[in-house]
1. Which count do you get for residues in the range 50-86 that are under 16 Å from Asp156 (Cα atoms), at pLDDT below 95 and in a helix (DSSP H, G or I)?
2. Could you list, in sequence order, all residues of the range 8-43 that are among the hydrophobic types (A, V, I, L, M, F, W, C), assigned to a helix (DSSP H, G or I) and more than 18 Å from the chain's Cα centre (by Cα)?
3. Any residue in the range 13-24 that is in contact (Cβ under 8 Å) with a residue 24 or more places away in the chain sitting within a Cβ distance under 7 Å of a residue that is in a helix (DSSP H, G or I) and surrounded by 18 or more Cβ atoms within 10 Å (Cβ to Cβ)? List the pairs, counting only those 6 or more apart or interchain.
4. Taking the range 14-65 as the search range and keeping residues that are touching a Lys or Arg at 6+ places or on another chain (Cβ under 9 Å) and not aliphatic (A, V, I, L, M), which one is farthest from Leu85 (Cα to Cα)?
5. When the range 97-125 is examined, which residues are found to be out of contact with any helix residue (DSSP H, G or I) (no Cβ under 8 Å at 6 or more places or on another chain) and buried (at least 18 other Cβ atoms within 10 Å of the Cβ)?
6. Need the failing condition index for Leu118 against (1) at pLDDT 95 or above; (2) farther than 23 Å from Leu186 by Cα; (3) more than 14 Å from the chain's Cα centre (by Cα), just the number.
7. Tell me, please, whether a residue that is out of contact with any helix residue (DSSP H, G or I) (no Cβ under 8 Å at 6 or more places or on another chain) and among the hydroxyl-bearing types (Ser, Thr, Tyr) can be found in the range 38-55.
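The values are calculated or read from the model by the stated rules, or taken from the named source; none is laboratory data. It should be emphasised that the depicted structure is a prediction, and the values quoted were computed from it without experimental measurement. Cβ coordinates were reconstructed from backbone atoms using ideal geometry, including for glycine residues, and neighbour counts include every protein chain displayed.
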Amino acid sequence: MFEKLRGPWKKMIKPVAQALVTMGFTANMVTVVGAVGTTIFAILTGLTGWLFAGAVLMTIMVVFDSLDGSVAALSGGGTAFGAFLDSSLDRVADWAVLMGVIIYLVRLKNFWTFWPQLGFWSALLAMMTSFVTSYVRARAQAIGLDAKNGIATRSDRLIIILVGLALTGLGLPVAVLSCFIAALALLGLITVWQRLSTVHRQARQAGLTRPEGPGSAV
């Protein structure tokens with residue numbers, strides 16, 4: 001949903017990226033700092049229950065992490081390993097943010113009531129769809145296809161989680177956070193279906209599908 005803002009966002013953060021290049025930062029350094037910072041703040045947010053402060057700090061780390069592409073472009077272009085590192089550490093950060101939500105919910109005194117339970121199971125489902133969404137794209141690229149589409153890309157997922165955390169941290173009931181996470185899980189399922197459908201259509205058009213026989217792999 002927010003992918004259309006990528007171009008204007010890149011222009012907005014270019015001065016910051018230029019400053020980092022001047023300071024000697026590399027794209028890989030930005031990637032590592034952003035992912036590690038997001039992971040640490042996410043877990044601490046769950047343990048402390050300081051949702052608003054945690055959401056603000058994680059937002060700063062996510063914004064910092066988004067600078068790696070601009071830093072790479074200003075430093076002569078990215079590398080294959082840099083793209084691999086960024087994608088890999090993004091999965092760690094995605095896991096950590098949802099794990100922070102899970103830790104927070106589990107530590108609630110009323111954890112076994114409806115709203116915390118809804119948030120807990122929705123977070124587990126959202127974690128699965130987050131990984132599968134990225135995996136489908138990676139596997140599609142491996143066979144020469146493209147699957148970048150979907151109603152909820154990574155930036156969308158992070159915004160939903162961080163807004164839910166911030167609003168709950170400002171005093172709204174935990175039901176608000178649980179509803180945001182439930183919406184995230186639903187959008188994640190839709191995105192996985194959209195990408196699988198896209199890959200199936202592209203594979204059929206490219207002649208990469210064939211009838212399964214007795215010896216076909218499962």
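1. 3
2. Once the filter is applied, which keeps residues that are among the hydrophobic types (A, V, I, L, M, F, W, C), assigned to a helix (DSSP H, G or I) and more than 18 Å from the chain's Cα centre (by Cα), the range 8-43 yields Met12, Ile13, Val16, Ala17, Ala19, Leu20, Val21, Met23, Ala27, Met29.
3. What qualifies is Ile13/Ser70; Lys14/Ser70; Ala17/Ser70; Ala17/Val71; Leu20/Val30; Leu20/Val71; Val21/Val71.
4. Selected residue: Gly49.
5. none
6. (2)
7. No - not one qualifying residue is present in the range 38-55.
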